[in-house]
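To start, the structure under review is shown below, and the notes come after it.
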Amino acid sequence: MWTLAKIASEIGAKLVGNAEKVITGVGTLQNATDTDISFLANTKYRQYLNSTSAGCVIVSPADLAEVQTNALVIDDPYVAYAKAAALLYPEQQSSLGIHPSVVVGENCQIADSARISAQVFIGNNVHIGDNVDIGAGSIIENDVYIAADSRLMSNVTLCRKVQIGERVQIHPGAVIGADGFGIANENGRWLKIPQVGSVIIGNDVEIGANTTIDRGAIDDTIISDGVKLDNQIQIGHNVFIGKHTVIAGCVGISGSTRIGSHCAIGGGTGIAGHIEIADGVQLTGMSMVTKSIMSSGTYSSGIPVEPTRDWHRNVIRYRQLDKLNDRIKQLESKLEQ
Amino acid sequence: MWTLAKIASEIGAKLVGNAEKVITGVGTLQNATDTDISFLANTKYRQYLNSTSAGCVIVSPADLAEVQTNALVIDDPYVAYAKAAALLYPEQQSSLGIHPSVVVGENCQIADSARISAQVFIGNNVHIGDNVDIGAGSIIENDVYIAADSRLMSNVTLCRKVQIGERVQIHPGAVIGADGFGIANENGRWLKIPQVGSVIIGNDVEIGANTTIDRGAIDDTIISDGVKLDNQIQIGHNVFIGKHTVIAGCVGISGSTRIGSHCAIGGGTGIAGHIEIADGVQLTGMSMVTKSIMSSGTYSSGIPVEPTRDWHRNVIRYRQLDKLNDRIKQLESKLEQ
Amino acid sequence: MWTLAKIASEIGAKLVGNAEKVITGVGTLQNATDTDISFLANTKYRQYLNSTSAGCVIVSPADLAEVQTNALVIDDPYVAYAKAAALLYPEQQSSLGIHPSVVVGENCQIADSARISAQVFIGNNVHIGDNVDIGAGSIIENDVYIAADSRLMSNVTLCRKVQIGERVQIHPGAVIGADGFGIANENGRWLKIPQVGSVIIGNDVEIGANTTIDRGAIDDTIISDGVKLDNQIQIGHNVFIGKHTVIAGCVGISGSTRIGSHCAIGGGTGIAGHIEIADGVQLTGMSMVTKSIMSSGTYSSGIPVEPTRDWHRNVIRYRQLDKLNDRIKQLESKLEQ
């Protein structure tokens, strides 16, 4: 049972109000009820602060004056909310042990504290560490290593030899370690290049639903500690992603590209192969990256929508840019005369 | 056995020709055989109408004169074709009941009329309504609700607490209810925000292969009645999609965005988070939407391909637009003098 | 055990050095050890050639002079490397026969030489040819045909009636034969068009992880011999792809489009429906194709990233192109006077 006193103590916030108030869930400022805790982190929602029905709100000191209910005061309410929500909603776990429907290969090391749900397949020589939780229908191929406290949701695929760090979370449909796209052309036909590297996933990485990370062609594909990947991302063979970089959904990164640490890559971005992105680069959504970016900063491309009639006209004008330039040149030379 | 008389009666069309003619399949005007029914809905194919070998064609009254075979005449031949094809090709169903290989958790309500194929996992407290059909390898986590007459194809994943309406169809590899991409930055590291909302899918929704719909962060992600989603679409947490909106493949919609009713979104489109798209908006393929669109109509962006040499030159000119503008200014002021 | 003499003989290269040298693996020029074979195919890496620790390098005759270790000399070192790696790393196979956890329907023909891993489902009337290998968790629906020597990795889904050629490789999470996106509008509601065609995959095709290929609406979707598809590609119903075409990750191809032979399509490209792409067309990454391309050559679109501030300014200028044009016109007519 979580009283405000206990939550305040756990998340390191100052409590203003009823210490014995019991909280059972979370809610938005607009929809929270009396047993919910809410928070204000985005000024857009400040208008709802003084009328919320929440049992408590997490706010920064500057916003405390507006609060009409109990408050937890802290400098970063969003981080504090993350911690409070984690207390109130412990993750659902699979049952302890190995479900009878699971098929396990030879020579596996599976911790007694591991939880392996139904319809799972585990190949040979697989290591599954302490407290690892493997969701239903997941497939773990030969020689995979999963370190302690990691979690595979349902229907995850880990291909042969893939290594997963500690406290990693992998969402359904993700495929880690499929063959990279390596082909060589021999007289018009494409010959497959065996993909003999693997994928190494660091600690505290999160991998979204239906995201794919290809194994290396010779050396390994590497996802560093603390990287957070959204859904439907494609990461080619031998890509390196530096620590604490976040990547939004539907991004594609071609082979052998090196992404720095603490980058933030917007959804739908495409990044060419064999290039380098410096630490601290931010790319807005749907960016097209064809060359290395050697210094931190924010980069963008793409032209947002306009009414289709205007778009048609602008595309035509765009294609005339060279002629436009010529006409200006002519004007300049005429005027020069 | 489907005679033309029976088909005409079922789809509400006027029969011109042999009422006893038996039809066993469908075909295109070019490839149909004598036992197939075909249709003309796109003027591009009118050239094949008078030479088709089809046993019958569905046409609008205006096209009847050209028909050399039996005809079913109706104002909207495409809708009529859809109905005729549904008669001729009833969906293949899984076997009645629960396959012995299925693992079912505790406290589930599964209708006697449900069909659950092999290698399926069903968690605890799951409700499966009348005539629901669940394809092989699908994973249904705890507390999921599936209303009557819905169908999961093979290898679908429904995460905890997801609610599915009536007559919903979900294609293989789709993942409904994975965690949204919610993270908070604490001193350079990313902290996960527990995603405690769910996903609510309305009635008559279709969800394509490998499409992902994330659960809400606090409130729910909502897909309204009659929405049709193609393959490989990514829908972020707390997105709302209005009734009868259709979305083509590879679209990404970021978190908390609200899409209106009766919209049509072209393939590969990206839509930013926390914005609003009005009812009746049409977006052409590969659109980039960064701001709300407040009125219905057709919107576009993107510049179609050109030969790579021209593209190089135009991109350079594009980057000189500011200088071009300056040169025009100079010309204007010179001429003013 | 692979001596250089044996490798040279198998791949048709000229051996310069110790014929009895035993090779056990592959490595990059930078990281290879004394028992590895390496290669030089990209001039970018020539700098590492004379200092490599590799036990052998595969090089073209022109590069032989630089080699300080054993060498295999051949005109195309990349193709030769592909062949050498295939010798050194034979594919891991599933165990011979059918794992006891597999569920097999009625009336199937499964070759004695087939290998079917755990947790697989095989429907009715399925044909599985000689030496076919089916990975764990894969789902093969009714009436599927898989020809000899093909391989499904883990968690692949083949929908009803799909036909797979010889020596095809399909990576995890791929879905072949899901319904195409066929809908007809009846009074504002969308009616499903039954998708009664299938998918036919030729010989020597490779299909990447989480790629989706939809079944045809009436006729079939066709992927010709030797086509190589990367991950997360979406191929709509009734698409035709010609022989030996390669498609990189995250490409979307809309329905009824016909792609020629020997094309190369860059990652993230989107191709509209009902158009034609000629043989030998190359599209660079993130291309937007809205019309048919009738002659071979290289085509591009999209504007690469720039610093966000510049991007903002250029987008504004882009939207003023029409006005810019008007101003030039005015200047021209003034000057004319």
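The values are calculated or read from the model by the stated rules, or taken from the named source; none is laboratory data. On a predicted model such as this, the values are computed, not experimentally measured, just so you know. Cβ placement follows ideal geometry from the backbone for every residue including glycine, while neighbour counts extend to all protein chains displayed.
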Exercise. Considering only region C:18-41, how many residues are out of contact with any Ser or Thr (no Cβ under 7 Å at 6 or more places or on another chain) and within 12 Å of residue C:72 (Cβ to Cβ)?
Worked result: 4
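Report yes if residue B:98 is crowded, with 19+ Cβ neighbours inside 10 Å, under 30 Å from residue A:117 (Cβ atoms) and aliphatic (A, V, I, L, M), otherwise no.
Details: crowded, with 19+ Cβ neighbours inside 10 Å: yes; under 30 Å from residue A:117 (Cβ atoms): yes; aliphatic (A, V, I, L, M): yes.
Against the criterion (crowded, with 19+ Cβ neighbours inside 10 Å, under 30 Å from residue A:117 (Cβ atoms) and aliphatic (A, V, I, L, M)), residue B:98 qualifies.
Taking only region A:217-242 into account, find how many residues are more than 29 Å from residue C:83 (Cβ to Cβ) and without any contact (Cβ under 8 Å) to a residue 40 or more places away in the chain.
The first filter runs over region A:217-242 and keeps only residues more than 29 Å from residue C:83 (Cβ to Cβ), leaving A:223-233, A:241-242.
Remaining after also requiring without any contact (Cβ under 8 Å) to a residue 40 or more places away in the chain: A:223-224, A:226-230, A:232-233, A:241-242.
So the answer is 11.
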Problem set entry | Subset of region B:5-26 (residues that are surrounded by 13 or more Cβ atoms within 10 Å (Cβ to Cβ) and assigned to a helix (DSSP H, G or I)) | B:5, B:6, B:7, B:8, B:10, B:11
Exercise. Which residues, taken from region B:20-63, are small (Gly, Ala, Ser) and either within 10 Å of another protein chain (Cβ to nearest Cβ) or under 22 Å from residue B:10 (Cβ atoms) (or both)?
Worked result: B:25, B:27, B:32, B:38, B:41, B:54, B:55, B:60
For this session: Filter region C:266-284 down to residues that are closer than 20 Å to residue A:315 by Cβ and facing another protein chain (nearest Cβ under 7 Å), then give me how many there are.
Result: 5
Problem set entry | Output for region C:296-314, where each listed residue is facing another protein chain (nearest Cβ under 7 Å) and either on the phi > 0 side of the Ramachandran plot or part of a helix (DSSP H, G or I) (or both) | C:297, C:302, C:308, C:311, C:313, C:314
Exercise. Which of the residues spanning region B:200-216 are closer than 15 Å to residue B:159 by Cβ and in contact (Cβ under 8 Å) with a residue 40 or more places away in the chain?
Worked result: B:211, B:214, B:215
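Does residue C:195 meet the test of being within 17 Å of residue C:224 (Cβ to Cβ), more than 7 Å from chain B (Cβ to nearest Cβ) and surrounded by fewer than 24 Cβ atoms within 10 Å (Cβ to Cβ)?
no
Going by the structure shown, is residue A:87 under 19 Å from residue A:149 (Cα atoms) and at pLDDT below 95? Show your work before the answer.
Details: under 19 Å from residue A:149 (Cα atoms): yes; at pLDDT below 95: no.
For residue A:87, the condition - under 19 Å from residue A:149 (Cα atoms) and at pLDDT below 95 - is not met.
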Exercise. Does region B:59-67 contain any residue that is assigned by TED's automatic domain parsing to the domain that holds residue B:7, crowded, with 24+ Cβ neighbours inside 10 Å, at pLDDT 95 or above and touching a strand residue (DSSP E or B) at 6+ places or on another chain (Cβ under 7 Å)?
Worked result: yes
Exercise. Of the numbered conditions (1) under 30 Å from residue A:141 (Cα atoms); (2) surrounded by 13 or more Cβ atoms within 10 Å (Cβ to Cβ), residue C:112 satisfies every one except a single condition; which is it?
Worked result: (2)
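Which one is farthest from residue A:203 (Cα to Cα) among residues in region B:162-189 that are at the interface with chain A (Cβ under 7 Å from one of its Cβ atoms) and crowded, with 21+ Cβ neighbours inside 10 Å?
First pass over region B:162-189, keeping only residues at the interface with chain A (Cβ under 7 Å from one of its Cβ atoms): B:173, B:175, B:178-179, B:181, B:183-184, B:186, B:188-189.
Next, only the ones that are crowded, with 21+ Cβ neighbours inside 10 Å stay: B:173, B:175, B:178-179, B:181.
Numbers: B:173: 27, B:175: 25, B:178: 20, B:179: 19, B:181: 18 Å.
Checked region B:162-189; the qualifying residue farthest from residue A:203 (Cα to Cα) is B:173.
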Exercise. Pairs, please: C-beta under 9 Å, at least 6 apart or cross-chain, first residue farther than 10 Å from residue A:325 by Cα and in region B:313-325, second acidic (Asp, Glu)?
Worked result: B:313/A:322; B:314/A:322; B:314/B:306; B:319/C:306; B:319/C:310; B:322/C:310
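Check B:284, B:308 and return the single one that is among the β-branched types (Val, Ile, Thr), within 16 Å of residue C:300 (Cβ to Cβ) and out of contact with any Pro (no Cβ under 7 Å at 6 or more places or on another chain).
On the way: B:284 fails: within 16 Å of residue C:300 (Cβ to Cβ).
Answer to the selection: B:308.
For every residue, the table says whether it meets (1) assigned to a loop (DSSP other than H, G, I, E, B); (2) away from chain C (no Cβ under 14 Å); (3) touching a residue at least 60 places away in the same chain (Cβ under 8 Å).
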site: A:65; (1), (2), (3): no, yes, no
site: A:72; (1), (2), (3): no, yes, yes
site: A:81; (1), (2), (3): no, yes, no
site: A:91; (1), (2), (3): yes, yes, yes
For this session: Quickly run through region A:39-62 and pick out the residues that are free of Cβ contacts under 8 Å to residues at least 24 places away in the same chain and either of a type in the set (Gly, Ala, Ser) or in a strand (DSSP E or B) (or both).
Result: A:51, A:53, A:59, A:60, A:62
For this session: For region A:116-136, state whether one or more residues are over 30 Å from residue A:2 (Cα atoms), within 9 Å of another protein chain (Cβ to nearest Cβ), without any contact (Cβ under 8 Å) to a residue 40 or more places away in the chain and surrounded by fewer than 22 Cβ atoms within 10 Å (Cβ to Cβ).
Result: no
Problem set entry | Selection from region A:144-161 of residues that are crowded, with 24+ Cβ neighbours inside 10 Å and either within 12 Å of chain C (Cβ to nearest Cβ) or without any contact (Cβ under 8 Å) to a residue 12 or more places away in the chain (or both) | A:144, A:154, A:155, A:156, A:157, A:158, A:159
Exercise. Do any residues in region A:243-265 that are within 12 Å of chain C (Cβ to nearest Cβ) have Cβ atoms under 7 Å from those of residues that are surrounded by fewer than 21 Cβ atoms within 10 Å (Cβ to Cβ) and β-branched (Val, Ile, Thr), where the two are at least six apart or on different chains, and which pairs are they?
Worked result: A:257/A:275
Seminar exercise, completed: When every residue in region A:315-326 that is facing chain B (nearest Cβ under 10 Å) and in contact with an Asp or Glu (Cβ under 9 Å, 6 or more places away or on another chain) is compared, the one nearest to residue C:315 (Cα to Cα) is A:319
